[in-house]
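The values are calculated or read from the model by the stated rules, or taken from the named source; none is laboratory data. Everything numeric here is computed off the predicted structure, so don't read it as measured data. Because the Cβ atoms are built from the backbone with ideal geometry, glycine has one as well, and the counts that use them run over all protein chains shown. Surface areas here come from the heavy atoms of the whole protein model, side chains and all, with no ligands, DNA or RNA. Shrake-Rupley method; radii C 1.70, N 1.55, O 1.52, S 1.80 Å.
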Amino acid sequence: MAPPHKLFLAAILSAVIVATTTAYGPNSAAEDIVHSSCLHASYPSLCVRTLSTYSGPTITNRRELAQAAVKISLSHAQSAAKKLAAVRETVGKKRVKAAVVDCVEMIGDSVDELSRTLGVLKHLHATGVSANEFRWQMSNAQTWASAALTDDDTCLDGFKGVEGKVKTAVKHWMTKVAKVTSNALYMINQLGESRGVPHVVRS
């Protein structure tokens, strides 16, 4: 029989291994699905960076990944909306103000459309429904996300022929929103192609 002190050390080592596996196993698995899914996204590095730092529930499948991507896009859109609303109150030049006012409306629509997209994904059923029902749900999510992306681009179109600090700031905000929204749409499309079932992460 091993000496008591060796048994004690062995017990501690086992506890450390179990704790380490429990603490880091699921996270590593979540990182795997993020990296593999972002590989062919519109903006891969941005996709990995934003989803890897996502502070929500641990991602275990493509449905949760798509939801996380939309939540990130929605958060960026809401932030841009607040900044644009603040800028609207300070702009003096009519041409610039008109562009900002239009952009505020566009980003407002984008926030609404992304919220609708998230609502569809939260109630999405990958199993237990017909293929037609699933396709209808996915079509709604894709339509709203596409509309949000179009609104982001339309906002920037309004600044053609306008120069200055306001345009630079708005372009920076909206380009970021458009990029994360494009990535979110990619994740939704991937979910639709897989019917939400494959690539489940197991701890």
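From the list Ala68, Ala41, which one is assigned to a loop (DSSP other than H, G, I, E, B) and under 18 Å from Ile188 (Cα atoms)?
Values: Ala68 fails: assigned to a loop (DSSP other than H, G, I, E, B).
The unique qualifying residue is Ala41.
Quick check on the stretch 121-134. Is at least one of its residues surrounded by 22 or more Cβ atoms within 10 Å (Cβ to Cβ) and either touching a residue at least 60 places away in the same chain (Cβ under 8 Å) or under 23 Å from Thr50 (Cβ atoms) (or both)? Yes: one or more hits. Tell me the residue from Arg62, Arg116, Arg95 that is at pLDDT 95 or above and among the charged types (D, E, K, R), please. Only one candidate passes the filter, namely Arg116.
Scanning for something part of a loop (DSSP other than H, G, I, E, B), open to solvent by 70 Å² or more (accessible area, probe 1.4 Å), touching a residue at least 60 places away in the same chain (Cβ under 8 Å) and of a type in the set (S, T, N, Q), does the stretch 87-110 turn up at least one residue? No - not one qualifying residue is present in the stretch 87-110.
Listed here are the residues, each with its yes/no results for (1) touching a helix residue (DSSP H, G or I) at 6+ places or on another chain (Cβ under 9 Å); (2) surrounded by 17 or more Cβ atoms within 10 Å (Cβ to Cβ); (3) closer than 17 Å to Val87 by Cα.
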position: Asn140; (1), (2), (3): yes, no, no
position: Ala145; (1), (2), (3): yes, yes, no
position: Cys155; (1), (2), (3): yes, yes, yes
position: Gly158; (1), (2), (3): yes, yes, yes
position: Val162; (1), (2), (3): yes, no, yes
position: Lys167; (1), (2), (3): yes, yes, yes
position: His172; (1), (2), (3): no, no, yes
position: Asn183; (1), (2), (3): yes, yes, no
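Restricting the stretch 40-52 to residues that are without any contact (Cβ under 8 Å) to a residue 60 or more places away in the chain and closer than 19 Å to Thr175 by Cβ, which is surrounded by the fewest Cβ atoms within 10 Å (Cβ to Cβ)? Among those that are without any contact (Cβ under 8 Å) to a residue 60 or more places away in the chain and closer than 19 Å to Thr175 by Cβ, it is Ser45. Inside the stretch 185-203, can you point out the residues that are part of a helix (DSSP H, G or I), open to solvent by 20 Å² or more (accessible area, probe 1.4 Å) and modelled with pLDDT under 95? Asn189, Gln190, Gly192, Glu193, Ser194 - these are the residues of the stretch 185-203 that are part of a helix (DSSP H, G or I), open to solvent by 20 Å² or more (accessible area, probe 1.4 Å) and modelled with pLDDT under 95. Considering only residues that are without any contact (Cβ under 8 Å) to a residue 24 or more places away in the chain and over 15 Å from Ser37 (Cβ atoms), look in the stretch 53-78 and name the one that is surrounded by the most Cβ atoms within 10 Å (Cβ to Cβ). Per the stated criteria, the residue is Ser75.
Taking the stretch 140-160, which residues are in contact (Cβ under 8 Å) with a residue 12 or more places away in the chain and over 16 Å from the mean Cα position of the chain (by Cα)? Quick ask: steps written out before the conclusion?
Going through the stretch 140-160, the residues in contact (Cβ under 8 Å) with a residue 12 or more places away in the chain turn out to be 140-142, 144-149, 151-156, 158-159.
Residues satisfying the conditions are Asn140, Asp151, Asp153, Thr154, Cys155, Leu156, Gly158, Phe159.
Which residue is nearest to Gln78 (Cα to Cα), if the candidates are limited to the stretch 111-162 and must be of a type in the set (Val, Ile, Thr) and assigned to a helix (DSSP H, G or I)? So that I can check it myself, show each step before the final result.
Taking the stretch 111-162 first, the residues of a type in the set (Val, Ile, Thr) are 111, 117, 120, 127, 129, 143, 150, 154, 162.
With assigned to a helix (DSSP H, G or I) added as a condition, the list becomes 111, 117, 120, 143, 150, 154.
Details: Val111: 6, Thr117: 15, Val120: 19, Thr143: 20, Thr150: 16, Thr154: 17 Å.
Among those that are of a type in the set (Val, Ile, Thr) and assigned to a helix (DSSP H, G or I), it is Val111.
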